[in-house]
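The values are calculated or read from the model by the stated rules, or taken from the named source; none is laboratory data. Just so it is clear, the structure is predicted and the values come from calculations on it, not from any experiment. Note: ideal-geometry Cβ built from the backbone for every residue, glycine included; neighbour counts use all protein chains shown. Please note that ligands, DNA and RNA were not included when accessible areas were found on the heavy atoms of the full protein model with its side chains. Shrake-Rupley method; radii C 1.70, N 1.55, O 1.52, S 1.80 Å.
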Amino acid sequence: MIQSKIKIPSLVSIDAYIKGDSSKHTDVLEPEELDKILLKIQKEYSGEIINDTILCASINGKDLFVKVINREDFCVFTTIISPKDDDYISDDWTKDISMYSKEIQNIQSLLPKKRIANLRVIATAGFKEDGMSEMFIKEYSAFFNKRINELGMVYNICILTKDDQIENPPFHMKDYVIASIAKDLDDSKRIISELLDDLAFLAVFEGKLERMYKAYVTFDKRIDGMEKRSVDMLKTTSDILKQDVSQKTLEELLIQISKQFSEISTMVATISHDISTVNSNIHNASTIYNKWNEIPHGSYPMVHITSLKDLDVIAYAYKSIGDKLEITRGRLNDTLGIIKTYLDLKQQKVSLKLQSSIEESSKSQESILKAAQEEKMASERSERSLKFLTYLFAGLGISEILANFIIFYIQGGNITTTFLYFSITLSIPLIIIALIIITIKRRSEREQTQNKKHT
């Protein structure tokens, strides 16, 4: 049975979206699409838009407010349904909230489904009697079958609780209760309004972190496989060093590992950027939590402490994945170094063999050239000697013939006859000499041709 009497029970839904290029990321919305949402709700409920950010309308005698926080890369819609009368005190707040819930669902159907966060908030501007706040919290827990896990006092006049809506939600989903204990209604409204703005920004920061954590889970599985392959590759390389592997095999292995190393390096750069983004969102969320100046309420853990611990899990997860990638990259780099060194040694060995072969070939060529030169010199000496002997004997022969014909002439021989016999006799040795010279010249030409072929 509901016993608490609460002022102006309200139901709030906070929906956060990421703006961007939907062709690159499937879970983001085009800015043009989000800009038209408020006009779409206005058309449905015939409300008034104030300053392009707030829609005021009436639903079955209740007030409807839709507030938009529009930034460069995100957008948040805060939908509030509450009684029109500021003096309204609910005898059974559960009936009011159940009725509001149906209207909230209708409004949410007009919103895009690709949200990154949804926060559902039940708020009250105060209580008719002292002590009703604790009773209200107990009734809330019983009605929604929820155990209150986190509860604290924020801004000194508001009780705030937080619970997960469902386990493993498709996006960041939380239930909050805001229960003001201020006596002054205006103070209560002001603090509740500020808290709702805080929760709207927290929906963005924590929604982004939840989105990144889901990406981390997929990323981590992929890295586990790469880490295992890097260990296997290092073992394979160690076994290769015990064998005589061909240079072609080593080059193929080097290309394979280089591709993995390049992939890992790209992932390291991506994770490094993601870690920076995670830390930035955690810092932004921490700034809001610290602003609350939350103090304990009873023996419950405070909302901000539990929330920050949840965010630290995401920060640790990304740090862990960064460390894994660095270790894997280092292992692959070591493997590359081993293979490169082994390949260099193998190439040096081949180069030394080639150099030795060239040196042996050079020595052989030098020997051939030297032998050809010596043979040429010997041939030239032989040719000169032969020419000398030829000319010598030819000269001696001619001298002898000339001497005989001189004697013949002196002894009374006819000069004409003598000259005729002399010419005939002299032509024979001259012909022989010419033949010898031609033979020597041809032989010399043949030897020169053969020497050129050898060289």
In the structure shown, do any of 67/114; 113/174; 248/324; 114/174; 228/346 have a Cα-Cα gap over 25 Å, and if so which? 248/324; 228/346
Quick check on packing: order 129-136, 22-29 by the mean number of other C-beta atoms within 10 Å, highest mean leading. 129-136, 22-29
Over segment 298-348, how many percent of alpha carbon pairs lie in each 10 Å bin up to the one with the longest distance? 21, 22, 18, 15, 12, 7, 4, 1
If a/c stays under 1.5 just call it rounded; otherwise compare a/b with b/c (prolate if a/b is bigger, oblate if not). Do that for segment 17-117, with a ≥ b ≥ c from the square roots of the Cα gyration tensor eigenvalues. prolate
Taking the convex hull of the Cα atoms, report for segment 244-332 its projected area averaged over all directions, in nm². 7.9
Under the Kirkwood approximation for Rh and a Cα-based Rg, what ratio Rg/Rh is obtained for segment 185-287? 1.35
Fully extended, how many nm does the chain gain between residue 312 and residue 268 (0.36 nm per residue separation, minus their Cα-Cα distance)? 13.8 nm
When only Cα pairs under 8 Å and 6 or more residues apart are kept, what is the percent relative contact order across segment 126-189? 31
If I take every Cα pair under 8 Å that is 6 or more residues apart in segment 9-120, average their sequence separation and divide by the length, what percent do I get for the relative contact order? 38
Once all protein chains are kept in place, residue 99 shows an accessible area at probe 1.4 Å, nearest 10 Å², of 90
Mind jotting down the three principal axis lengths of segment 58-143 based on Cα atoms? Whole angstrom, largest first. 45, 27, 21
